[in-house]
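Worksheet: one structure, shown below.
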Number of protein chains: 2
Amino acid sequence: MPMNKYVIQLPKDQTPRQWHNILPQLPEPVGPYKNTTGQVPPLEALIGSVFPPWLIEQERSDQIWHPIPFPVLEAYALWRPTPLIRARRLELALNVRSRIYYKNESVSPSGCHKSNTAVAQAYYNHLAGIKRLTTENGAGQWGTALAIAARHFYLDIRVFMVKASLAQNPARQTIMNLLGADVLASPSLLTIAGRADLAKDPHSPGSLGLAISEAIGEAMSRSDTNYALGSVLNHVILHQTVIGQEVKKQLQIAGEKPDYLIACHGGGSNLGGLVVPFTPDVLNGQQIQFLAAEPATCPTLTKGKFGYDFGDMAKLTAMMPMYSLGADFAPPAIHADGLRYHGASPIISSLVKSKIVTPVAVEAEDAFHYAILMAQNEYVVPAPESSYALALTCQKALELEKARTPGVLVFVLSGHGLLDLSAYENNSGLEKNSPAKKD
Amino acid sequence: MPMNKYVIQLPKDQTPRQWHNILPQLPEPVGPYKNTTGQVPPLEALIGSVFPPWLIEQERSDQIWHPIPFPVLEAYALWRPTPLIRARRLELALNVRSRIYYKNESVSPSGCHKSNTAVAQAYYNHLAGIKRLTTENGAGQWGTALAIAARHFYLDIRVFMVKASLAQNPARQTIMNLLGADVLASPSLLTIAGRADLAKDPHSPGSLGLAISEAIGEAMSRSDTNYALGSVLNHVILHQTVIGQEVKKQLQIAGEKPDYLIACHGGGSNLGGLVVPFTPDVLNGQQIQFLAAEPATCPTLTKGKFGYDFGDMAKLTAMMPMYSLGADFAPPAIHADGLRYHGASPIISSLVKSKIVTPVAVEAEDAFHYAILMAQNEYVVPAPESSYALALTCQKALELEKARTPGVLVFVLSGHGLLDLSAYENNSGLEKNSPAKKD
């Protein structure tokens, strides 16, 4: 039968109906969030002014399965289940016997996995009677995803986008505007944190930590406005578990047992979404390695310290137990803006501490090299962030080949890079790798 | 069951296995191609030096069903069948009772319908032992699609891209380079036609007609190189009929009978792909209106003359029986570069002559307006070209509402606009339409 057996597409009605909360199953429990003075007030007092009650419940829930509300399932059905694809041509190009699969989260309306939590968060805010959302944005994926989700549930939205990122990639502002979002360069004059930063340096390029401070600041000052975060928090990881649940079913259909599950790590949401549903299996003795691909230039998990730290520069968030390079760490500019974050999700931090997740630092050059190989063999331009997961997967496959122990590797293609082409354009790797240049 | 019934997704094994050739069924037969002196030599003598024999056979075939070769089916399975989606939110935004569906061809690796013929053409060239392809490119969709198809069948490719388009949209060059294609600005110094144009005007912005001349010129001069055209020709329409065949099955699943089938018209390929499989039904008396949405600034079908004309500026192609504004017509710059073509597919021309297809001119402003409405309600940024089909669909739905005769309208979303955001950025409509600006 002429069918491409390398594309594993679940039928629409196989989209997961529940999210998987790993909190009660973690061998190393996630500690409570604290305030600036190190006390542990009720979570409502800490974050209740900017988050709706259902998300706060999810943040500390000890219930494993959370039914996905119908309106969220309906939104998911616009693009889920996403395909799991065997990267057969990539395997051939690498000349490895390992089988490489990628979970293609780039097929969502926003072009990335962020939509999984964006629609859930927009829904719960809508349910709470909130009219407006604020958020921050580095690379632009999260802002795009939340802009779409806000439209879907008839909310207005303002995005504080890091000024340097905005200048580098104007297409991101265009698409968010197209979707009806209001986009402001951060630092802005609208918030206390923004004004303070501009007073220090009128030409400040901004940073993700500062943009978070601005978005939270505005949400705190308006009762009709809440704040939404695209990564790090427990409820975000929870919503992303649709990824891993689908992968599990798809691997069963393919008749495969995974040896490696790999995702890039910025705040931890696509990694968490992939590995959480497999974590109980590993705790039960199944042999699967979870790898976190983080940029060598922002080595939160490989070189950061575990402890309590803030999620933003102005210290408006709660203090969370996590690996961190310090809330005022300013990572150097790399093409993968979405991975430039000083902290890590508390859940991922716990999994790293229990040695269930192994972090690996990946060089930007390798991320580029394998991204081009992927484009030329699988016809998908990976988002710069996803290229780190891809690169680690390819390196691992080559290593297994050398050791004559081929295996099954699965990575998350968290997004496409069609709105990040300027990053590719400015990189010399493109010229070097283009086969057409031989001509 | 929590499923989105507005997304109609055929299972993988329902991808069509045959292409539908309409030539033997046309009430107004397509006349033979002629040479410059008006004679009718064998097709091999006219175009045999740049096309492989199988495509020449398809160009004049009187066989209705053409089995799709297995390697092409395998490639199709990377993204086909494509979803048919009921634009429920768009209907609500328009406040119409008509049911609007769109066939989402933007999910292909190239982001548009051009991949349907690109993989077929690359395959037949590979079969003929050809090592290299040349082609021209206006908007960039066709070049991207052929670059991917060439990679898939291990062919090299050179794309002559209209210099003005290249300057306007550098992302298109980046992605084609990423995919391994060699991209040259046209006019170039490589070909006779290019040098002649540059001699006249060293700052020539180029045109699609000239880029075609350059690509054919180079293919004629090298025995290992063939040329590929992304629209107009009979074999291109043939390959695109997978679109309409799938739509037919999907409408049956939805329990719908279509009243209007609508596509944009540049050279005719996505329109032909949609309507050909429904044409025998119309000839048998079924009431379906086929509408061609063409730009008011390049009104080939509404204002052009029917007769024999060349497909390119340097008159290197055969003379074809078609509607044309004249081979040297230079359409004004609009955002939808892919619709700026002086001619029309002979098949579409025949259907217009028989009054089976009705052409309608659409204003650029309306295309923009409805594109933004679509982005904000269906979360898809339409390619500028597809926006013409969308605009005509919305206008028709509003007209039906006024007449109190709601119907079923289906249009082809031929591609997404993620690589054309600069077109949106430069348009004032965005500011006007953005709801966020109210804030």
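The values are calculated or read from the model by the stated rules, or taken from the named source; none is laboratory data. Predicted model only: the values in this text are computed from it and were never measured. Cβ placement follows ideal geometry from the backbone for every residue including glycine, while neighbour counts extend to all protein chains displayed. Ligands, DNA and RNA are stripped out before the accessible areas are found, and what is left, the full protein with its side chains, is counted by its heavy atoms. Shrake-Rupley method; radii C 1.70, N 1.55, O 1.52, S 1.80 Å.
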**Asked** Which condition number does B:Pro53 fail, the rest of (1) open to solvent by less than 40 Å² (accessible area, probe 1.4 Å); (2) more than 17 Å from B:Ser115 (Cα to Cα) being met?
**Response** (1)
**Request:** For A:Ala391, indicate whether it is more than 16 Å from the chain's Cα centre (by Cα), at the interface with chain B (Cβ under 10 Å from one of its Cβ atoms) and assigned to a helix (DSSP H, G or I).
**Result:** no
**Failed criterion for B:Asp328 (all others in (1) farther than 22 Å from B:Asp197 by Cβ; (2) open to solvent by 40 Å² or more (accessible area, probe 1.4 Å); (3) of a type in the set (D, E, K, R) hold)** = (1)
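With a cut-off of at least 3 residues that are open to solvent by less than 20 Å² (accessible area, probe 1.4 Å), name the strands (runs of 3 or more DSSP E) lying wholly within segment A:182-264.
A:225-227, A:260-264
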**Asked** Out of all the residues in segment A:1-56, which are hydroxyl-bearing (Ser, Thr, Tyr) and within 11 Å of chain B (Cβ to nearest Cβ)?
**Response** A:Tyr6, A:Thr15
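Does A:Pro295 qualify as being crowded, with 18+ Cβ neighbours inside 10 Å and more than 14 Å from chain B (Cβ to nearest Cβ)? Give the derivation first.
Details: crowded, with 18+ Cβ neighbours inside 10 Å: yes; more than 14 Å from chain B (Cβ to nearest Cβ): yes.
Yes, satisfied.
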**Complete:** Given the conditions (1) closer than 20 Å to B:Val412 by Cα; (2) free of Cβ contacts under 8 Å to residues at least 40 places away in the same chain; (3) not hydrophobic (A, V, I, L, M, F, W, C), every one holds for B:Gly140 apart from (2)
**Fill in**
Scanning segment B:122-135 residue by residue, those in contact with a strand residue (DSSP E or B) (Cβ under 8 Å, 6 or more places away or on another chain), under 28 Å from B:Ala263 (Cα atoms) and either part of a helix (DSSP H, G or I) or open to solvent by 10 Å² or more (accessible area, probe 1.4 Å) (or both) turn out to be B:Ala122
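Here is a yes/no grid of residues against (1) more than 14 Å from chain A (Cβ to nearest Cβ); (2) within 21 Å of the chain's Cα centre (by Cα); (3) within 23 Å of B:Ile47 (Cβ to Cβ):
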{"residue": "B:Ala164", "(1), (2), (3)": "yes, yes, no"}
{"residue": "B:Pro170", "(1), (2), (3)": "no, no, no"}
{"residue": "B:Thr174", "(1), (2), (3)": "no, no, no"}
{"residue": "B:Asp182", "(1), (2), (3)": "no, no, no"}
{"residue": "B:Thr191", "(1), (2), (3)": "yes, no, yes"}
{"residue": "B:Asp201", "(1), (2), (3)": "yes, no, no"}
{"residue": "B:Tyr227", "(1), (2), (3)": "yes, yes, yes"}
**Request:** Residues being aliphatic (A, V, I, L, M) and within 22 Å of B:Leu271 (Cβ to Cβ): count how many of those fall in segment B:100-149.
**Result:** 9
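Yes/no per residue for (1) more than 12 Å from chain A (Cβ to nearest Cβ); (2) more than 25 Å from A:Thr144 (Cβ to Cβ); (3) not in a helix (DSSP H, G or I):
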{"site": "B:Ala361", "(1), (2), (3)": "yes, yes, yes"}
{"site": "B:Asn377", "(1), (2), (3)": "no, no, no"}
{"site": "B:Gln395", "(1), (2), (3)": "yes, yes, no"}
{"site": "B:Leu398", "(1), (2), (3)": "yes, yes, no"}
{"site": "B:Glu401", "(1), (2), (3)": "yes, yes, no"}
**Asked** Can we say A:Arg151 is open to solvent by 20 Å² or more (accessible area, probe 1.4 Å), more than 9 Å from every other protein chain (Cβ to nearest Cβ), under 30 Å from B:Ser108 (Cβ atoms) and not hydrophobic (A, V, I, L, M, F, W, C)?
**Response** no
**Request:** Output yes when any residue across segment B:205-214 is within 12 Å of another protein chain (Cβ to nearest Cβ) and not hydrophobic (A, V, I, L, M, F, W, C), and no when none is.
**Result:** no
**Message:** Pairs please, first residue from segment B:282-293 and part of a strand (DSSP E or B), second anywhere and among the hydroxyl-bearing types (Ser, Thr, Tyr) and crowded, with 23+ Cβ neighbours inside 10 Å, Cβ atoms under 6 Å, 6+ apart in sequence or on different chains.
**Reply:** B:Ala293/B:Tyr388
